[in-house]
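Colleague: Next up is a structure, given as structure tokens.
The values are calculated or read from the model by the stated rules, or taken from the named source; none is laboratory data. Just so we're clear, the structure is a prediction, and the values are computed from it rather than from any experiment. Don't worry about glycine lacking a Cβ; one is built from the backbone with ideal geometry, like all the others, and counts go over all protein chains shown. Note: accessible area is taken over every heavy atom of the protein model, side chains too, but ligands, DNA and RNA are not part of it. Shrake-Rupley method; radii C 1.70, N 1.55, O 1.52, S 1.80 Å.
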Number of protein chains: 2
Amino acid sequence: MKHLLQTIKIEVNNKTYVKDPESSDLGKRIVEHSILMIHELGFDSFTFKKLGDKIGSNESSIYRYFENKHKLLLYLTSWYWGWLEYQFVFATNSISNPAEKLQKAIEVISKPVVLDASFSHINEVLLNDIIINEYSKSYLTKEVDNENKEGYFEIYKRMVMRMKEMITEVSPEYPFAASLASTVLEGTLHQYFLVQHFPSLTDCGDEVTPTEYFTDLVFKSIDK
Amino acid sequence: MKHLLQTIKIEVNNKTYVKDPESSDLGKRIVEHSILMIHELGFDSFTFKKLGDKIGSNESSIYRYFENKHKLLLYLTSWYWGWLEYQFVFATNSISNPAEKLQKAIEVISKPVVLDASFSHINEVLLNDIIINEYSKSYLTKEVDNENKEGYFEIYKRMVMRMKEMITEVSPEYPFAASLASTVLEGTLHQYFLVQHFPSLTDCGDEVTPTEYFTDLVFKSIDK
DNA sequence: TAAGATATGAAAGTAATACTATTATTTTTG
DNA sequence: CAAAAATAATAGTATTACTTTCATATCTTA
């Protein structure tokens, strides 16, 4: 399994980058340290200049990999969803019972992220935290419709569709499968955000996990 | 009722502004046109300079009302939630049956917004669209914990708590009332966003309303 | 191994942003 | 009508988000 994973490359829409960061050492350092810096400073205060200083490289060199920091965010978020989709498919693929499969899917999406040694330059735990705190910014823009047409959100959409199909598999008559699927994906991020910053607005925390909450929510919704 | 409403002022945390925009003509024009401009350009492209040009006033005059555009966003969003809270309390207050009350609450939160003539310089429909497309940006910042302490999100939090209490009223044993309440508030905005930009990820649209979806979600979740 | 191609770095420049400060002018009000 | 308050005009600063140009290092392949 380890060897299998080591040969895997997460495929990200190539419009997110000018030059594939996986293709060079500098590229990988850009990705590695952008995750550390965005996590540390927040996306808004993060700049290519600061990143260049940190990795001892020039601002203009970073621009040879990514057009701007928005595209870098699209790259990082797409990579994240691609990585999670892999876990998702891997974990659910062999399960034939639809309800069990759905249960597993909810689990994969909502459980806390742990480090994956397969991608040494990417810290998935910090990246997950970036997704929780910054993902919305990738689509809450005036360019969202164009960027959607260009396929920048494909992987995320595919995840929602996979989830939706699993719901429909368990309960074909449930009329809100797409909405419920998107609620689970988006809601998971939101509940983790609330745990961090508005604990009074969530039951999740030390005793209750997002997985328990969403498992309950989904199965109660679709059980007749 | 009209006269009653006309005398009402939505109370917004006074730290959001330097000088109360309700206290002068210029202040009201700033608010009025900031809503139009943020709706038109998106929050990211909106600047005080552009707003000044539009209302034939000077950039520096706008700074006498709001420290920066982030604070203006906090003002607008607080105003919106204050306004919605008013509708919420007004509509549910007289209902004694807890389930009916909860149903009404979900309705108020999730139904499409219509213009309210009581506040002539504020277009609630456009403001609602700003909330759908920009609200997350008001809290997805590195300053969120400080700003939370200073009370900038009080009204929103109060709305979630009101919702939570209504859920608990109907079903005291349901263990995820806070999470479900925050899911309804946040999820409503997200479903409307999906209708606009990612229709394949939602069932809401011409035939299904967010109200139907969330009513189903909430009552199925809390019914034993 | 030399020549050419490619990648990276250094430096400088530009337009816009997000303010701040100062001073002038207009408006309000007592 | 005078003083105070509000607003406007102008200019200035530091930072951002790039772009451009040119130099240098490194890699590659004939």
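Colleague: Stretch residue A:14-residue A:111 to full length: gain in nm at 0.36 nm per residue minus the Cα-Cα span?
Modeller: Fully extending the segment from residue A:14 to residue A:111 adds 32.0 nm.
Colleague: Relative contact order for region A:2-222 using alpha-carbon pairs under 8 Å, separation at least 6, rounded to a whole percent?
Modeller: Relative contact order, region A:2-222: 22 percent.
Colleague: Provide the buried accessible surface between chains A and B in square angstrom, both chains summed, 1.4 Å probe, rounded to the nearest 100.
Modeller: Details: alone 11830 and 11850 Å², together 19570 Å².
That pair hides around 4100 Å² of surface in total.
Colleague: When a/c is below 1.5 the answer is rounded, else prolate if a/b is larger than b/c, else oblate, so apply that to region A:99-147 with a ≥ b ≥ c taken from the square roots of the Cα gyration tensor eigenvalues.
Modeller: Oblate, since a/c reaches 1.5 and b/c is not below a/b.
Colleague: About the Cα centre of chain A, how large is the charge dipole given +1 on each Lys and Arg Cβ and -1 on each Asp and Glu Cβ? Please answer in debye to the nearest 20.
Modeller: Roughly 620 debye, rounded to the nearest 20.
Colleague: Something else: In terms of the ratio Rg/(2.2 N^0.38 Å) built on C-alpha atoms, what value belongs to chain A?
Modeller: Normalised Rg, Cα atoms only: 1.06.
Colleague: Taking each label point as 7 Å beyond Cα in the direction of the beta carbon, state the distances from residue A:125 to the same residue in the other copies, shortest first, in nm.
Modeller: Label-point separations across copies, in nm and ascending: 5.0.
Colleague: Continuing with the same structure: Rounded, prolate or oblate: pick one for the protein assembly as shown, where a ≥ b ≥ c are the square roots of the eigenvalues of its C-alpha gyration tensor, a/c under 1.5 means rounded, and failing that, prolate if a/b is larger than b/c, else oblate.
Modeller: Details: a/c = 2.01, a/b = 1.14, b/c = 1.77.
Because a/c hits 1.5 or more and a/b fails to exceed b/c, the protein assembly as shown counts as oblate.
Colleague: Let me ask another. What's the average, rounded to a whole number, of partner chain beta-carbon atoms within 10 Å of each residue's beta-carbon in B:216-224?
Modeller: Whole-number average of other-chain Cβ neighbours for B:216-224 is 4.
Colleague: Something else about it: In region A:2-222, with Lys and Arg counted as +1 and Asp and Glu as -1 at Cβ, which of these residues, A:208, A:139, A:190, has the Cα nearest the positive end of the dipole, that is, farthest along it?
Modeller: Final value for the positive-end residue is A:139.
Colleague: While we're on this one: If you find the alpha carbon centre of region A:8-73 and of region A:112-154, how far apart are they in angstrom?
Modeller: Between the Cα centre of region A:8-73 and that of region A:112-154, the gap is 13 Å.
Colleague: Can you list, shortest first and in nm, the gaps between the label point of residue A:91 and those of its counterparts in the other copies, using a point 7 Å from Cα in the C-beta direction?
Modeller: Ordered by distance, the counterparts are at 3.7 nm.
Colleague: Moving on. Which residues' amide hydrogens lie under 5 Å from the amide hydrogen of residue B:208, considering only partners 5 or more residues apart or on another chain, with H built in the peptide plane?
Modeller: none
Colleague: Could you pull the accessible area for residue A:218 with a 1.4 Å probe, rounded to 10 Å²?
Modeller: Accessible surface of residue A:218 is approximately 0 Å².
Colleague: Of the listed pairs A:137/B:224; A:142/B:71; A:137/B:111; A:111/B:15; A:137/B:49; B:9/B:104, which have alpha-carbon separations greater than 32 Å here?
Modeller: A:137/B:224; A:111/B:15
Colleague: Taking H as built 1.01 Å from N, whose amide H comes closer than 5 Å to the amide H of residue A:203, not counting residues under 5 places away?
Modeller: For residue A:203, whose amide H was placed from the backbone, the distant partners under 5 Å are B:178, B:179.
Colleague: Moving to a separate point now. For the charge dipole of the protein assembly as shown, defined by +1 on Lys and Arg C-beta atoms and -1 on Asp and Glu C-beta atoms about the Cα centroid, which residue among B:103, B:222, B:125 has the Cα displaced farthest towards the positive pole?
Modeller: Positive-most Cα among the choices belongs to B:125.
Colleague: Give me the percent of accessible area attributable to carbon and sulfur for region A:2-222, probe 1.4 angstrom.
Modeller: Here it works out to 51 percent.
Colleague: Just to check I understand the Karplus step: with θ = phi - 60° and J = 6.51 cos²θ - 1.76 cosθ + 1.60, what whole-Hz values come out for region A:78-84, glycine and proline as x?
Modeller: 4, 4, 4, 5, x, 5, 5
Colleague: Tell me, what ³J(HN,Hα) does each residue in region A:209-220 have, in order and in whole Hz, if you take phi through Karplus 6.51 cos²θ - 1.76 cosθ + 1.60 with θ = phi - 60° and put x for Gly and Pro?
Modeller: Here the 3J(HN,Hα) series is 9, x, 4, 4, 4, 6, 4, 4, 4, 5, 5, 5 Hz.
Colleague: I've got another one for you. Quick one: label points 7 angstrom along Cα→Cβ at residue B:41, distances to the other copies in nm, smallest first?
Modeller: Result, one decimal in nm: 2.4.
Colleague: Please report, in whole Å³, the volume per residue of the convex hull around the C-alpha atoms of region A:99-224.
Modeller: Per-residue hull volume (Cα only) is 142 Å³.
Colleague: Quick check: the distance between the Cα centres of region B:169-224 and region B:74-102, to the nearest angstrom?
Modeller: 17 Å
Colleague: Moving to a separate point now. Name the shape class, rounded, prolate or oblate, that the alpha-carbon gyration tensor gives for region B:67-131, where a ≥ b ≥ c are the square roots of its eigenvalues, rounded holds for a/c under 1.5, and otherwise prolate holds if a/b is larger than b/c and oblate otherwise.
Modeller: prolate
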